[in-house]
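Here is the structure we will look at, set down as structure tokens.
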There are 2 protein chains.
Amino acid sequence: MPPATWPLAPDDLLRARQRLEGRVHHTPLLHSRLLDLRLGRRVFLKAESFQRGGSFKARGAFNALLAALEEGDTRPVIAVSSGNHGQAVALAASELGIPATVVMPEDSSPVKVAAVRAYGARVVTEGVTGINREQVAADMASRLGLRLVHPHNDPLVIAGQASLAAELSSQLEPLGVRPAAVLAPLGGGGLLAGLCLGAAEHLPGVQVVGVEPESADDGAQSLARGELVTLARPPVTAADGVRTLHLGSLCWEVIRERAASVLTVTEAELAEACWWLFTRLKLVVEPTGALAVASLLRDPGRIAAGGDLVCVLSGGNCLPSQISQLVAEHPPND
Amino acid sequence: MPPATWPLAPDDLLRARQRLEGRVHHTPLLHSRLLDLRLGRRVFLKAESFQRGGSFKARGAFNALLAALEEGDTRPVIAVSSGNHGQAVALAASELGIPATVVMPEDSSPVKVAAVRAYGARVVTEGVTGINREQVAADMASRLGLRLVHPHNDPLVIAGQASLAAELSSQLEPLGVRPAAVLAPLGGGGLLAGLCLGAAEHLPGVQVVGVEPESADDGAQSLARGELVTLARPPVTAADGVRTLHLGSLCWEVIRERAASVLTVTEAELAEACWWLFTRLKLVVEPTGALAVASLLRDPGRIAAGGDLVCVLSGGNCLPSQISQLVAEHPPND
């Protein structure tokens, strides 16, 4: 029985999967002999970089918007995001005919602003900073009657991300593979909490492991101390999708209970993973999306349990220059 | 009946397919709603970027080496290549236990030299230039008793590349797709000649179209004049896989007879295609591999025949910096 504080029941997960069917892609589960050779163990890659909108965030966004429509809530939506969540909400809203506003800091990359606009959303940047953006969005939401879609601390968003576990299970089963662990990036915790909940149902006995950059190790610290830790300063990392100061409170409730562990990686390990995925596997994976692979490249034994592993490549929204700069700053060994 | 000058009979193609089974990947045939929307017609992508060794060249290299072994020819092999053919020969030779030498110009990219060495081949660069490299290899071959594997003007290599057409046909059939045309990069002509021969058998009625950079339009000129044209100077293009001065003579015999047309693209179109494949489809495709898509992005109507199209993404061996530099030189419109 899940604790009473948990945000979701199994039925919520089932409904999310039903809602998402036909709305988001079943992304490929990739396998590379080259990677297995390099790591000395079999690793599968769940390529959410090929997801609609370029990241797993489409799962949570579509589920949140579809669930609201089912309830008769047709309010326009607003999201705070300088990245993948903004694109996902813009995409889902556009497809469902819901007006969407995305609040992004004034110094956001023009490419990311353009991507959100390309999905038809209104972008608000004037006077928005990394500090005040949540407040700007909350003010706009209450002033204009908009529904705020949180990037991770929302049961519907978590339930959407949980669909990844069921999908993964259905792809592993015909291969006869029961992995020892599934590794995924950990930022606000929506993906990891979703995986924990989904795995409990669809991948019983499989460890769920979060991966953070060293400078954004609030999840690892929280797990070690048994309480939600907030970072004193914004993390400095190329993994721009996990620059959160702390886990969402709902996510934390699940993760503290169910996640097996949280690993951290250096920026050099991250650069090497991006480089390796690019040059060897020909996959465009954004730095955040390469965290799980980064945790294994230099020491595949960090997951002590023997057996196969799954790394979630969480997204692919980056520019060629981001990868080349990251690699130039941390030249890979091979 | 093929003309008597043709290098290959249907039986040669069948044997090549049989030899390659289990040796090279069946690469994915990808489809993107986003690309269809952009082009206003349905386009499939045959992703040879995911082929072993990172390009279609593995097909020809494995076929040439396996056929020689069948004939009892166990000589070490030598290849001239600064790129994909060298990697493919090195990979095939290593797997088949044949010593391999690859002759590369002294100014070759250290990454490409390292890639060939990583497959276990001996690399010769001392005193080698872009001009004398063929001669260096021929001298070494006769002096040391090595078997020279030509990158395109070899019937066995062409027969290996032809396997792409049969594979494509087997992937299109369950989808009920009979494309109007298959577009592929044109350099020395091994891939295009192979496609022409394979399509005649497996994709009857489907046009085979070559795509060249504007500065490397010897194929287009040859087809227009009805005779093999040699460029006066080395092409200046980011598509480093097609910087040949003329088609191979064997390839030309097939292409003059069977290719529907040859299109040319600007460097800006090429940059836009690489950018688009990277940022939208999250695929690492080297500039040469993006030629076919480049020919359609700005004017999908260049293939006048109505219906679906297939673009061959011929390879993915490039560095993040190559893509970011190309894009910086030719900033894409969107």
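In segment A:217-244, of all residues being closer than 14 Å to A:T288 by Cβ and in contact with a Leu (Cβ under 7 Å, 6 or more places away or on another chain), the one that is surrounded by the most Cβ atoms within 10 Å (Cβ to Cβ) corresponds to A:G219.
Pairs linking a residue in segment A:7-18 that is basic (K, R) to a residue that is at pLDDT 95 or above, with Cβ atoms under 6 Å and 6 or more positions apart or on different chains, are A:R17/A:S163; A:R17/A:A166. With a requirement of 3 or more residues that are more than 14 Å from chain A (Cβ to nearest Cβ), the helices (runs of 4 or more DSSP H) lying completely within segment B:225-334 that satisfy it span B:249-258, B:267-279, B:291-297.
Taking (1) part of a loop (DSSP other than H, G, I, E, B); (2) under 29 Å from A:L183 (Cα atoms) in turn, A:V128 satisfies each apart from (2).
Within segment B:288-297, can one find any residue that is modelled with pLDDT under 95 and in contact with a helix residue (DSSP H, G or I) (Cβ under 7 Å, 6 or more places away or on another chain)? Scanning segment B:288-297, I find at least one residue that is modelled with pLDDT under 95 and in contact with a helix residue (DSSP H, G or I) (Cβ under 7 Å, 6 or more places away or on another chain), so the answer is yes. Scanning segment B:223-262 for residues that are hydroxyl-bearing (S, T, Y) and touching a strand residue (DSSP E or B) at 6+ places or on another chain (Cβ under 8 Å) yields B:T237, B:S261. Out of everything in segment B:299-332 that is open to solvent by less than 40 Å² (accessible area, probe 1.4 Å) and free of Cβ contacts under 8 Å to residues at least 60 places away in the same chain, what residue ends up being farthest from B:G54 (Cα to Cα)? Across segment B:299-332, the extreme among qualifying residues is B:V327. Output the qualifying pairs, or none if there are none: Cβ atoms under 7 angstrom, residues six or more apart or on different chains, first residue in segment B:48-75 and at negative phi, second residue buried (at least 24 other Cβ atoms within 10 Å of the Cβ) and aromatic (F, W, Y). Pairs found: B:E48/B:F56.
Just to verify a result, which residue in segment A:104-159, among those that are within 14 Å of another protein chain (Cβ to nearest Cβ) and of a type in the set (K, R), is most open to solvent (accessible area, probe 1.4 Å)? Here the residue is A:R117. For first residues located in segment B:256-268 and within 7 Å of B:E212 (Cα to Cα) and free of Cβ contacts under 8 Å to residues at least 12 places away in the same chain, partners that are in a strand (DSSP E or B) and open to solvent by less than 40 Å² (accessible area, probe 1.4 Å) and lie 6+ apart or on another chain with Cβ distances below 7 Å do not occur. Within the option set A:C318, A:C311, A:C274, being closer than 30 Å to A:E134 by Cα and either in the same structural domain as A:L183 (by TED's automatic domain parsing) or within 18 Å of the chain's Cα centre (by Cα) (or both) holds for one residue only, A:C318.
Within this structure, A:V211 fails the test of being open to solvent by less than 40 Å² (accessible area, probe 1.4 Å) and over 30 Å from A:E329 (Cβ atoms). Are any residues in segment B:45-83 open to solvent by 30 Å² or more (accessible area, probe 1.4 Å) and not aliphatic (A, V, I, L, M), and if so, which ones? Scanning segment B:45-83 gives B:F50, B:R52, B:K57, B:E70, B:E71, B:G72, B:D73, B:T74, B:R75, B:P76, B:S82. For A:E134, the conditions (1) more than 23 Å from A:P234 (Cβ to Cβ); (2) in a helix (DSSP H, G or I); (3) touching a strand residue (DSSP E or B) at 6+ places or on another chain (Cβ under 6 Å) are fulfilled apart from (1). Pull up segment B:4-34, narrow it to residues that are open to solvent by 30 Å² or more (accessible area, probe 1.4 Å) and of a type in the set (S, T, N, Q), then point me to the one that is modelled with the lowest pLDDT. Applying the filter and picking the extreme gives B:T5. Note on segment B:1-54: residues that are assigned to a helix (DSSP H, G or I) and small (G, A, S) amount to 4. B:L30 meets each of the listed conditions (1) touching a residue at least 24 places away in the same chain (Cβ under 8 Å); (2) under 18 Å from B:A166 (Cβ atoms) apart from (2). Would it be correct to say that A:R143 is farther than 21 Å from A:G190 by Cβ, in contact (Cβ under 8 Å) with a residue 60 or more places away in the chain and either not aliphatic (A, V, I, L, M) or not in a helix (DSSP H, G or I) (or both)? Judged against the criteria, A:R143 is not a match.
The values are calculated or read from the model by the stated rules, or taken from the named source; none is laboratory data. None of these values were measured; they are calculated from a predicted model. Note that each Cβ is placed from the backbone with ideal geometry, even for glycine, and that neighbours are counted across all protein chains shown. Note: areas computed on protein heavy atoms with side chains; ligands, DNA, RNA excluded. Shrake-Rupley method; radii C 1.70, N 1.55, O 1.52, S 1.80 Å.
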